[in-house]
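Shown next, in structure tokens, is the structure this report addresses.
The values are calculated or read from the model by the stated rules, or taken from the named source; none is laboratory data. Keep in mind that what you see is a predicted model, and the values were worked out from it rather than measured. Every residue, glycine among them, receives a Cβ derived from its backbone with ideal geometry; neighbour counts consider all protein chains shown.
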Amino acid sequence: MKTDNEKYNESVQSNTFFLENLKSKLPDFFSKDGKFDLDKFKSQLQEHNIDELKDGYQLNFIGKDYARRQAGEMPNTVIVPDEIQNNGEGKNSKNLFFTGDNLEVLRHLQTNYAGKVDVIYIDPPYNTGNDDFVYPDRFEYSDEKLKEMFGMGDEQVERLKSIQGKSSHSAWMTFMYPRLSLAKNILSNNGVIFISIDDNEQANLKMIMDNIFGESQFLFQAAWRRTDNQPNNGQVARVKEYILVYAKDGFEMGRLPLSESALKEYRYEDSYAGKFRRGILLDKTRGRYYYPVTTKSGNILNGPWMVPEDKLWEMDRNNQIYWTSGGDEQPYKKIYLKNSKGAIPNDFWGIEFGTNQRASSEIEELLKERFFSFPKPTSLIKRIINLGGNRDSLILDFFAGSSTTADAVMQLNAEDGGRRKFIMIQLPEKTYTVNSDGKELSTKGGKVAYDAGFKAIDEISRERIRRAAAKIQEDNNLPEDFDGSFKHYRVVEPTKQTLEEVEDFDINNTDLFNDMVSSFSSDALNVAGNASGEQTIRTTWLAKDGYSFDADVKKVNFAGYEASLVEGSRLYLINDGWTSKNTEDLLNKLGTHQLTVQTIVLFGYSFNIAELRELEIGLKQLDVNINLLKRY
């Protein structure tokens, strides 16, 4: 039989994700069966004298409909907790690291992290034509299915399939579109996303973001000088990249830390309020108030003043005026350093924001090698986080790479005592291949990493976090609860054998497979971490049901059968072996109010039809309404 997600994905259209989001915002225009009432919508537009857009340009590329459909699909993977990491060094951490395809991870996070991420920074593949990007996603549908889903002809199907394994603009846009659509959904209402890009795809990225976020949500595009020195090759020295910035409606731009030159301006000392700088009050260009002011030496100044007379004397009474004598003798406003919100950003970010070379040196200092060609410096990401968030922000990077973002988050927390948290997502891109005789050979760009013992990029990412945290703790006097670690999860596909067993499963068969649950253990899935199948299924369900990964989970025993009670309201029955005596004990605990739950979720492959019916009948006889969900 098909899994629940497979059944759902079969019905997904290219507009499914869009309509689901529209329904959450405009439920009045949807019928009971979930259909959008276009006529009602047009009628409302006409009533309010709103003309429909008749002219303009549209975003079109090969694969657009397929990309939009991908955004609406459910995940085809499971979340495997790394029990060694999560019960070891990461036990008390609130930070998360996911190893896996970021499209699948973002699908998993759509419920439990919807509207919760404050700042997103990503440094996606740039598609320079130098083997840094090829379209990685496979088209899992037959030609006939593609024709049916998208109304395509033979030629259109061939054009769509032509982007697979390619690095064309259409391939890159098809790759990015669903990921950015899903990212928007988990961004908070006052959240912001920063995206690094270069000339090759900057224009296309701008069009994608305008399409997904809306042109009105574009804040600015910063030009960042990425090199310390100007290269002496090519017709034009390319020294900059771009950072596109889009936000949700409630976003307020933060400030940057004051530069050294700006800090030097605060050179005056006030015994009551600390350092301050002088603010102009007498200004012949901007001033518009005229009245006499007698200075300390008896000179009379008539203006024009920046503030009214009563305001100036009120400031003087409150010790907010700095009176000078000699030279440009006049009163100045005291502007205190402690009240400074920081510097207003501009759209050109020079080498003071850090460069690729400095980023490479940072990685080399921590990991003793330069594993990445063009990493981003922590100084750049720290400034981005300062602009986009506050001391309690949740920061996401779903192209984690060398984990610069995680390093920057920890550095900022060490500097200002913040409680920022990070979520990193990185594909386990291998640094080696296996030839025909079974020998491992490093990939073209992975030799340095492979020789250093790293068989995949995500291993480097996590090791960077560990070493960066150790250095930060060594260099700073930090509180004991400083979060310098992470919980780790792997997002992987079930094995071929498990998928075949799932496909052959018959709910009406009284005989069950031998322990389907164990097929989802880390050992069975061929990944590290020592997770049981039950832990994998439960973790996957926590995300699906909107719970955090550190949700309160208690074990409850029903006549020898162990179940999981989540946050005191949802009961998970995952393992096989359920019998009539377990049903009896469960019903007894519910009926006598020893246990109170709103929903019971069971793993359908662990229950045969007789056990299910007995449980369903028993629950209906209780005097409380309990929702029973069967998942496959």
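Laid out as a table, the results:
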{"item": "Qualifying residue in the range 606-614 (condition: surrounded by fewer than 19 Cβ atoms within 10 Å (Cβ to Cβ), of a type outside the set (Gly, Ala, Ser), modelled with pLDDT of 95 or more and in contact with a Phe, Trp or Tyr (Cβ under 8 Å, 6 or more places away or on another chain))", "result": "no"}
{"item": "Residue check for Tyr450: touching a Gly at 6+ places or on another chain (Cβ under 7 Å) and either touching a residue at least 24 places away in the same chain (Cβ under 8 Å) or not assigned by TED's automatic domain parsing to the domain that holds Lys2 (or both)", "result": "no"}
{"item": "Meets criteria (surrounded by fewer than 19 Cβ atoms within 10 Å (Cβ to Cβ) and either in contact with a Lys or Arg (Cβ under 6 Å, 6 or more places away or on another chain) or closer than 23 Å to Tyr450 by Cα (or both)) for Ser361", "result": "yes"}
{"item": "Elements of type helices (runs of 4 or more DSSP H) in the range 159-277, at least 2 residues being without any contact (Cβ under 8 Å) to a residue 12 or more places away in the chain", "result": "260-264"}
{"item": "Unmet criterion (only one of (1) assigned to a loop (DSSP other than H, G, I, E, B); (2) surrounded by 19 or more Cβ atoms within 10 Å (Cβ to Cβ)) for Leu571", "result": "(1)"}
{"item": "Residue under evaluation Val80, criteria (1) modelled with pLDDT of 75 or more; (2) farther than 27 Å from Lys430 by Cα, criterion not met", "result": "(2)"}
{"item": "Residue in the range 151-165 that is at pLDDT 90 or above, crowded, with 22+ Cβ neighbours inside 10 Å and either aliphatic (A, V, I, L, M) or touching an Asp or Glu at 6+ places or on another chain (Cβ under 6 Å) (or both) present", "result": "no"}
{"item": "Candidates Ile280, Ile300, Ile344, Ile321, filtered to the one that is closer than 30 Å to Lys376 by Cα and β-branched (Val, Ile, Thr)", "result": "Ile344"}
